[in-house]
1. Consider Tyr401 carefully, then state whether it is buried (at least 19 other Cβ atoms within 10 Å of the Cβ), at pLDDT 95 or above, more than 30 Å from Ile57 (Cβ to Cβ) and not basic (Lys, Arg).
2. May I ask you to list the residues in the stretch 312-333 that are over 18 Å from Phe50 (Cα atoms) and buried (at least 18 other Cβ atoms within 10 Å of the Cβ)?
3. I need the full set of residues from the stretch 225-259 which are among the aliphatic types (A, V, I, L, M) and crowded, with 17+ Cβ neighbours inside 10 Å, in order please.
4. Scan the stretch 261-277 and give yes if some residue there is in contact (Cβ under 8 Å) with a residue 60 or more places away in the chain and under 25 Å from Phe123 (Cα atoms), otherwise no.
5. Tell me yes or no: at least one residue of the stretch 335-352 is over 29 Å from the mean Cα position of the chain (by Cα) and outside any strand (DSSP E or B).
6. What single numbered condition from (1) within 24 Å of Lys31 (Cβ to Cβ); (2) surrounded by fewer than 19 Cβ atoms within 10 Å (Cβ to Cβ) fails to hold for Asn415?
7. Can you tell me which residues in the stretch 86-116 are surrounded by fewer than 22 Cβ atoms within 10 Å (Cβ to Cβ) and small (Gly, Ala, Ser)?
8. What helices (runs of 4 or more DSSP H) lie completely within the stretch 226-313 and have 1 or more residues being touching a helix residue (DSSP H, G or I) at 6+ places or on another chain (Cβ under 9 Å)?
Amino acid sequence: MFPTYESPTIKKLNAGMMNKFGSRTEYTPVKFIDNVAVADLMDKYGSPLFVISERTIRQNYQKALKAFKMRYPKVQFAWSYKTNYLDAVCKVFHQEGSWAEVVSGFEYQKAIRNGVPGNLIIFNGPDKSKEDLILAVKNRSLIHIDHFDELYMLIEILEEIKDTKARVAIRVNMDTGIYPQWDRFGFNYDNGQAWNAIVKIIAQEKLQLEGLHCHIGTYMLTANAYAVAARKMCELALKYSNTTGENIKYIDMGGGFCSANTLKGSYLQGADIIPTFDDYAEAITNTILQFGFRPDELPLLILETGRALIDEAGYLLGTVLATKRLADGRRATVLDTGVNIMFTSFWYNHRVSPAQDFSQHAEETVLYGPLCMNIDCLRESVLLPLLKKGDRIVVHEVGAYNMTQWMQFITLRPNIVMIDTKGEVHLIRKQETVNTIVDCEIVPEHLKKFVI
C-alpha cells in the first residue's frame, strides 16, 4: 500500500523579526481601503468611523458558498441578522441569494422591511412572543422551537387560527467534544429530550416538522465538532423517517465558523490556526453524504454563518487623542474609539495599523479608548510605532457584532459608510446627535423648571 498523495501547501505565519531598531513594527501603514484613501474618508465623515467593504462581503460569501456547493448538491445560506443587521449589509447578502435568520421580533420586522419573503425567514431564539409567533405562522416562516414552553404556546396559538399549519423545526444541543457545552438553547440530543420534543410535534396535526437545527458554539476552532453534530442530526432525521414514513426536509447546522481575528490568550495569530471554509464543508458534507440517505432524499443543508462572512469586511477608523507613560513605564495611547463601539475588543486582540507613514522604532503600547472607565482598553499590549496626537489608525476585522452590540455610552455612535464594488462611498448609517437620544425621553411636568 502506498500512502495517499497530498499536494503540498504553503501557509503564511505571522512572526516578528529583530533588527537594529528592536522588534519590527507589527503592521505596515494602511492608507487605503478598497482604493479609497483613509484620510479622505475621515476628513469627510469624521472620526471615529466604521467602514464596510461590499466587495469583501461578496467575495467571502461566494467563497463559502463554493466550498459547500462543490461538495454537496443542496445548500442554502441564511444571513444571521444579529451579527450585523444594518439594512445595507443585509441586502448585500440577500442579493447574493441568502435567506434571513433572525432571533427576535425586532430582527424579524427588519427582515420583512428588507423585502425578504416570509417563507424564507428562519425564526430562531428563546424569546418569541405570542404576537411574533402569530406573524411567523401567517407568513409561513420557519419557526425553530427552542423550549417546551414555546412549543405549548405555539400549539395554543394554532387552536385559535383556523385551517393553518405551522412550519417548524427544533433546535438541538449535544455533546460534540467541545467544552463548555452549549446546552442553554434547544433540546438535548444525548438525554433524549430532542426526540421527546419531536414526538410531541408528530402528535400535533397543525405542526409540520420540516427541519432540525443546531448551533454548537461560536468561533469553533475544530471542524470535527461539526462532523459529530452532523452525525447526530442525521440520526434524528433517520429516526423521524422510520417513525413517520416522511423525510426531514432540511438540516440547519447553524453558524460558529471562525473569522481571522485572534482570540485573547491565543499564542498564534487567528489567521494561522482557524479552519477554512473547505475544512468546515468537508466535515459537514462528508458526514451527511456518507450517512446513508438515498440521493433523492438528501436534506437541504442550511448554514447560518455570520462572523466568518462579515468580520473581514469591517474597519474602524480612529484618531489618537493623547499619549502618556503609565506608572510601570509602559507607553499608553488614547484613541477616540472605545469599547462602547468596539465591543469585540473584550475577546479579540484586534489588528491595529497606523494610517500614515511611521518610523522604524516600535514600542509595546497599551491602547485605551476615550471613556471614563478603566475597562475601556482596546489592546492590553501591542507593538506599534510611536503614534502622536492627531495620528490616525485602522482597526481591522470589526464587521461582526460591533454594529449591533455597540452602546450609546458617554459618546455618540459614529457614521458608518460602505464602499461599493465600484469604489463609490455611501453613508449607510448617520452618526447620532443629542436629539437622537433625547427625542425618546419624556420629562415630567414638575421637573421642567429649576433654579440653581
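1. No; evaluated as a whole, the condition is false for this residue.
2. Once the filter is applied, which keeps residues that are over 18 Å from Phe50 (Cα atoms) and buried (at least 18 other Cβ atoms within 10 Å of the Cβ), the stretch 312-333 yields only Thr333.
3. Matches in the stretch 225-259: Ala225, Ala227, Val228, Ala229, Ala230, Met233, Leu236, Ala237, Ile248, Ile251, Met253.
4. For the stretch 261-277, residues in contact (Cβ under 8 Å) with a residue 60 or more places away in the chain and under 25 Å from Phe123 (Cα atoms): present.
5. No; the residues of the stretch 335-352 include none that is over 29 Å from the mean Cα position of the chain (by Cα) and outside any strand (DSSP E or B).
6. With (1) within 24 Å of Lys31 (Cβ to Cβ); (2) surrounded by fewer than 19 Cβ atoms within 10 Å (Cβ to Cβ) applied to Asn415, the lone miss is (2).
7. Ala88, Gly97, Ser104, Gly105, Gly115
8. Details: elements: 270-273, 277-289, 307-310.
Hits in the stretch 226-313: 277-289, 307-310.
The values are calculated or read from the model by the stated rules, or taken from the named source; none is laboratory data. Remember, predicted model here, so these are calculated numbers, not experimental data. Neighbour counts run over all protein chains shown; Cβ positions are idealised from the backbone, glycine included.
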